[in-house]
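Visitor: Structure in structure tokens, see below.
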Amino acid sequence: MGKRPTILMVAERAGVSRGTVDRVINGRAYVRGDVRERVMQAMREVGYVPLRMDKAQALGMVPAARPLTLGVLLPDWSGHFLKEVTMGIEEARRLLADFGVRILVDQCETEIPDECLEKLDKLLAGGAEGVALCTKDHPAIRARIDELAERGVPVVTFNSDVPISRRVCFVGQDVPRSGRVAGELMSKCVPPGSRVLAAVGNLEFDGHKQRLMGFLDQMEARGFAREQIEVVQTYNDFAMSYERVRGALRRLPDIAGVYMANHSVTGCAEAIREEGRQGRIRVVSHDVTGGSRRLLRDGALDFVIAQDLRRQGYRPLTLLYDLLRREEQPGELSESPSLRIVCSQNLDDN
């Protein structure tokens, strides 16, 4: 009789550590998609199956008892957010396919709440028994989430929460804390008494609002009065980001730092460059994108606070599967990974 396959055998076959194999088995964060796939392939090659049936099912090693349809509704965002989240969704689709799980994906074209409600109805009409949702925090959307909970259709929010609702849980960054980290960085980068510009996306999205509140709170804790911080909304639009940041720089020539809490960091950076202020204004933003990488290398951006967007596309679907298949309730905040601060010197590590 051959030796029973072990985690060590899987690790050696995949060329990773035992800890990485353990993270894959338990569905934990911080495992790249290609590494996860390599570990899964190694498991199949050595014949390793977790002893616990639920873990074996979660890894797609045991067929599902019946078909299950899950839905994902994305906001009207594009670029880095859409690319990374979609990769996470596809990873979950591959993982859950052996269970007979079907995943429906739709995306809003606007930020109008009525469109979100219509798209949710469309997912339900398509058979969705649970929904992963990223949307603005609006009374009508809260009411629909509560209605779905009454009907036994669980909703997991991701990236931007709808906190005062009966959603099952939120998957994403500890958003207020990420804003506080940005505030701490900014307070160390600019002289006391300096004026700072905070360029945020859309404050109707809870994630954007909470991020700004965290930033303002930390800046105040470090001695910066609220009156020293100018806030503009850019709605994640390049042209609007450019115009509003440039307008603020012209109105307030004493601005010493810009907090880019929006998806159009390049628009903000272009405005600073056009005003001839690059290198004299300290800049802090979120998310490591192709644009932010270039800006970090060029010195137009000082620090980026990173988050795992791919995980935010993947994890809500596995949580919904666990809830609907095994009645396993997730925690209130299911995913809150450690915050990573990226600068030009550690950019290649991310």
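Visitor: Tally time: how many residues in region 235-249 are in contact with an Asp or Glu (Cβ under 7 Å, 6 or more places away or on another chain) and surrounded by fewer than 17 Cβ atoms within 10 Å (Cβ to Cβ)?
Guide: 0
Visitor: Checking Arg251 against (1) touching a helix residue (DSSP H, G or I) at 6+ places or on another chain (Cβ under 7 Å); (2) at pLDDT 95 or above; (3) not aliphatic (A, V, I, L, M), only one condition comes out false. Which one?
Guide: Answer for Arg251: the failing condition is (1).
Visitor: Can I ask one more? If we keep just the residues of region 11-34 that are buried (at least 17 other Cβ atoms within 10 Å of the Cβ) and assigned to a helix (DSSP H, G or I), which is modelled with the lowest pLDDT?
Guide: That would be Ile25.
Visitor: Output the residues belonging to region 110-131 that are acidic (Asp, Glu) and under 21 Å from the mean Cα position of the chain (by Cα).
Guide: Passing the criteria: only Glu111.
Visitor: Next up: Can you run down the residue pairs with Cβ atoms below 9 Å, 6 or more apart or on separate chains, where the first is in region 176-187 and more than 15 Å from Asp287 (Cβ to Cβ) and the partner is assigned to a helix (DSSP H, G or I) and among the polar types (S, T, N, Q)?
Guide: Pairs that qualify, where the first residue is more than 15 Å from Asp287 (Cβ to Cβ) and the partner is assigned to a helix (DSSP H, G or I) and among the polar types (S, T, N, Q), are Pro176/Gln210; Arg180/Gln218; Gly183/Gln218; Glu184/Gln218; Met186/Gln218; Ser187/Gln218.
The values are calculated or read from the model by the stated rules, or taken from the named source; none is laboratory data. Since this is a predicted model, take the numbers as computed values, not measurements. Cβ atoms come from the backbone with ideal geometry, glycine included; neighbour counts cover every protein chain shown.
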